[in-house]
Amino acid sequence: MNLILLGPPGAGKGTQAKKLVAELGIPQISTGDILREAARGGTELGLKAKPLMDSGKLVPDDIVIGIIAERLKAPDSSKGFILDGFPRTVPQAEALEAMLRAMGKAIDRVLSIEVPEQAVVERISGRRSCPRDGSVFHVLAQPPKRDGICDACGGPLIQRDDDRAEKVVERNKQYREKTSPLIAFYSQRGVLKAVAGEGTTEGVHASILEALPQR
Ligand code: AP5
């Protein structure tokens with residue numbers, strides 16, 4: 001099952017991707033996580049990406065397309081994958097389509113998680129992330145058992161640099177201008193399903209499972 005999770009910043013893509021990993025046993029591939037790890041490691045990729053990410057802008061298409069081309073070659077994605085945060089522009093979606101075609105694969109479902117902009121701002125401002133294992137919490141909706149500490153690994157939780165209110169405005173603008181056209185792109189290909197992203201994380205997960213193709 002080859003899936004894409006689409007939605008504005010803070011819609012719950014990462015949260016839902018982790019639930020699908022547990023349910024389907026296929027990997028989550030998050031370009032945001034890959035880029036943040038590169039930035040923390042101070043690699044050449046990370047040094048290029050960090051100022052763009054910190055300002056809420058997108059990283060150039062050729063860079064993220066290259067990341068995905070490499071990642072999809074890994075054996076763990078042979079039975080399927082969950083793309084989280086990629087594609088984010090029409091050129092990225094076209095490159096993905098060509099890449100998959102060359103591998104004899106295709107996207108089975110694109111789940112567009114719909115959340116109003118105000119709810120997204122509240123989710124992002126309350127998000128706390130674990131830089132060590134990628135776990136995600138929310139101070140009100142999904143608080144960790146111990147304040148500021150990751151339930152899974154015991155490491156300290158942080159607020160992402162791009163989760164400050166002024167950066168969120170730019171990220172939403174980038175989503176509206178560059179990513180939302182993908183809704184029409186995948187709708188034309190007959191693989192798009194919209195999922196209401198409000199409600200509990202379990203409720204959204206149940207709606208996503210219903211929207212998957214027959215297994
Ligand atoms: P990325 O990391 O992909 O960020 P994003 O798309 O902005 O998405 P987020 O991670 O902010 O949110 P999410 O939808 O995963 O929500 P989450 O589950 O955490 O990208 C970051 C940057 O990297 C980009 O700005 C760009 O610079 C660069 N980049 C990445 N990919 C790129 C690409 N392909 N091309 C170019 N540049 C790229 O949930 C949010 C919060 O809400 C959490 O606190 C969670 O606990 C809470 N929550 C989740 N679900 C619910 C619920 N149902 N009810 C209440 N709270 C909930």
Could you tell me whether any residue of the range 129-143 is open to solvent by 20 Å² or more (accessible area, probe 1.4 Å), of a type in the set (A, V, I, L, M) and closer than 18 Å to ASP162 by Cβ?
-> yes
Open to solvent by 60 Å² or more (accessible area, probe 1.4 Å), in contact (Cβ under 8 Å) with a residue 24 or more places away in the chain and within 12 Å of the ligand (Cβ to nearest atom): does that describe ARG160?
-> no
Cβ pairs under 6 Å, 6+ apart, first in the range 111-123 and farther than 20 Å from ILE183 by Cβ, second open to solvent by less than 100 Å² (accessible area, probe 1.4 Å) and among the charged types (D, E, K, R) = none
Look through ALA106, ALA119 and report the one residue that is of a type in the set (A, V, I, L, M), in contact with an Asp or Glu (Cβ under 9 Å, 6 or more places away or on another chain) and not in a helix (DSSP H, G or I).
-> ALA106
Residues that are at pLDDT below 95, more than 9 Å from the ligand (Cβ to nearest atom) and out of contact with any helix residue (DSSP H, G or I) (no Cβ under 6 Å at 6 or more places or on another chain), drawn from the range 131-146 | PRO131, ARG132, ASP133, SER135
Consider ASP151 carefully, then state whether it is of a type in the set (Asp, Glu), surrounded by 14 or more Cβ atoms within 10 Å (Cβ to Cβ) and near the ligand (Cβ under 8 Å from one of its atoms).
-> no
PRO51 versus (1) in contact with a helix residue (DSSP H, G or I) (Cβ under 9 Å, 6 or more places away or on another chain); (2) more than 22 Å from LEU212 (Cα to Cα); (3) of a type outside the set (Ser, Thr, Tyr): which is the lone unmet condition?
-> (1)
Might you let me know whether the range 168-185 holds any residue that is in contact with a Cys (Cβ under 9 Å, 6 or more places away or on another chain) and surrounded by fewer than 17 Cβ atoms within 10 Å (Cβ to Cβ)?
-> no
Among (1) touching a residue at least 60 places away in the same chain (Cβ under 8 Å); (2) more than 8 Å from the ligand (Cβ to nearest atom); (3) open to solvent by less than 40 Å² (accessible area, probe 1.4 Å) - the single one GLU23 does not satisfy | (3)
Pull up the range 1-18, narrow it to residues that are open to solvent by 10 Å² or more (accessible area, probe 1.4 Å) and either among the hydrophobic types (A, V, I, L, M, F, W, C) or more than 10 Å from the ligand (Cβ to nearest atom) (or both), then point me to the one that is farthest from ASP61 (Cα to Cα).
-> MET1
Among LEU100, LEU45, LEU35, which is in contact (Cβ under 8 Å) with a residue 24 or more places away in the chain and crowded, with 17+ Cβ neighbours inside 10 Å?
-> LEU35
Selected residue (only one of ALA194, ALA165, ALA106, ALA93 is open to solvent by 70 Å² or more (accessible area, probe 1.4 Å) and either more than 9 Å from the ligand (Cβ to nearest atom) or at negative phi (or both)) = ALA165
For VAL59, are the conditions met, namely being open to solvent by less than 20 Å² (accessible area, probe 1.4 Å), of a type in the set (Val, Ile, Thr), within 23 Å of LYS167 (Cβ to Cβ) and assigned to a helix (DSSP H, G or I)?
-> no
Subset of the range 181-215, residues outside any helix (DSSP H, G or I) and without any contact (Cβ under 8 Å) to a residue 40 or more places away in the chain, comes to GLY190, GLY199, THR200, GLN214
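The values are calculated or read from the model by the stated rules, or taken from the named source; none is laboratory data. As the structure is a computational prediction, the values presented were derived from the model and not from experiment. Note: ideal-geometry Cβ built from the backbone for every residue, glycine included; neighbour counts use all protein chains shown. Ligands, DNA and RNA are stripped out before the accessible areas are found, and what is left, the full protein with its side chains, is counted by its heavy atoms. Shrake-Rupley method; radii C 1.70, N 1.55, O 1.52, S 1.80 Å.
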